[in-house]
1. Do we have any residue at all in region 51-74 that's among the acidic types (Asp, Glu), at pLDDT 90 or above, surrounded by 14 or more Cβ atoms within 10 Å (Cβ to Cβ) and part of a helix (DSSP H, G or I)?
2. Report, by residue number, each residue of region 77-108 that is surrounded by 18 or more Cβ atoms within 10 Å (Cβ to Cβ) and not small (Gly, Ala, Ser).
3. Determine whether Asn74 is of a type outside the set (Val, Ile, Thr) and either outside the structural domain of Met38 (by TED's automatic domain parsing) or out of contact with any Cys (no Cβ under 9 Å at 6 or more places or on another chain) (or both).
4. If a residue must be within 11 Å of the chain's Cα centre (by Cα) and either surrounded by fewer than 24 Cβ atoms within 10 Å (Cβ to Cβ) or in a strand (DSSP E or B) (or both), how many such residues does region 121-148 contain?
5. Out of everything in region 202-213 that is more than 30 Å from Glu106 (Cβ to Cβ) and in contact (Cβ under 8 Å) with a residue 24 or more places away in the chain, what residue ends up being surrounded by the most Cβ atoms within 10 Å (Cβ to Cβ)?
6. Only residues that are in contact (Cβ under 8 Å) with a residue 24 or more places away in the chain and either aromatic (Phe, Trp, Tyr) or not in a helix (DSSP H, G or I) (or both): list them for region 77-95, please.
7. What is the number of the single condition among (1) in contact (Cβ under 8 Å) with a residue 60 or more places away in the chain; (2) touching a helix residue (DSSP H, G or I) at 6+ places or on another chain (Cβ under 7 Å) that Glu60 does not meet?
8. Working carefully through the options Ala17, Ala39, Ala4, find the one that is in the same structural domain as Val75 (by TED's automatic domain parsing), buried (at least 19 other Cβ atoms within 10 Å of the Cβ) and not in a loop (DSSP other than H, G, I, E, B).
Amino acid sequence: MQIAIDGPAGAGKSTIAKRLAKESGYIYVDTGAMYRAMALYLIRCGISAEDKEGIEKACEDADISIQYIDGEQNVVLNGENVNSLIRTREVSAMASSSSVNGKVREKLVSLQQKLASSNDVVMDGRDIGTKVLPEAEVKIYLTASTKVRAKRRFDELRAKGEACDMEAIENEIKERDHRDMTREISPLVQAKDAVLVDTSDMDIDTVVDRIKEIVKSKVKA
């Protein structure tokens, strides 16, 4: 079973996907973590973010997968668990630069498809239902209003003790949406056969239950 969840930033994709996977006994494929693992590999190879050719050549030798051991997700890079190494600012910066490279995306899409071919998976992102798993049995397009998504981000930052401005956050989200929807490679778009789920007025439990209902109806069909 393949469940693809796409949608804009702040819609709750990762939170919902993790919860759904856990309750369904499926593997949650953290595509973002896989891009971070690739970034770590490129850094280790001594390649700069501006070296397009170097990135394209090196990415072919990276083997990245997601494994679950004792219920914990492990991001594995060439046989090494790199969970504790992929959340640094340096890795984040490289991931941001390298993720737009067509060869990098092509390589990771191939690895993600390999994972999905041999496991029951829940995968979230921006092009899962359109590019990564176009034949997924269940496709969900998860969204929410920009105001709701901004409020969620605002609350998250405040809980961490960080100063933030609601209007600035909402503007950033609008800009992110525009970039994601207009980018040349794999733009964010709702797949024709995806079910739209607007989470603006829904809590996590309600969203998960709604998607479970959609999965059941697809299975019966």
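The values are calculated or read from the model by the stated rules, or taken from the named source; none is laboratory data. Owing to the predicted nature of the structure, the values given are computational and were not obtained by experimental measurement. Using ideal geometry, Cβ is built from the backbone for each residue, glycine included, and neighbour counts are taken over all protein chains shown.
1. Yes - at least one qualifying residue is present in region 51-74.
2. Leu77, Val82, Ile86, Val91, Met94, Asn101, Val104, Arg105, Lys107, Leu108
3. Yes.
4. Of the residues in that region, 6 qualify.
5. Out of the qualifying residues, it is Val207.
6. Of everything in region 77-95, those that are in contact (Cβ under 8 Å) with a residue 24 or more places away in the chain and either aromatic (Phe, Trp, Tyr) or not in a helix (DSSP H, G or I) (or both) turn out to be Leu77, Asn78, Val82, Ile86, Arg87.
7. (1) is the only condition that Glu60 fails.
8. Testing whether each residue is in the same structural domain as Val75 (by TED's automatic domain parsing), buried (at least 19 other Cβ atoms within 10 Å of the Cβ) and not in a loop (DSSP other than H, G, I, E, B) leaves just Ala39.
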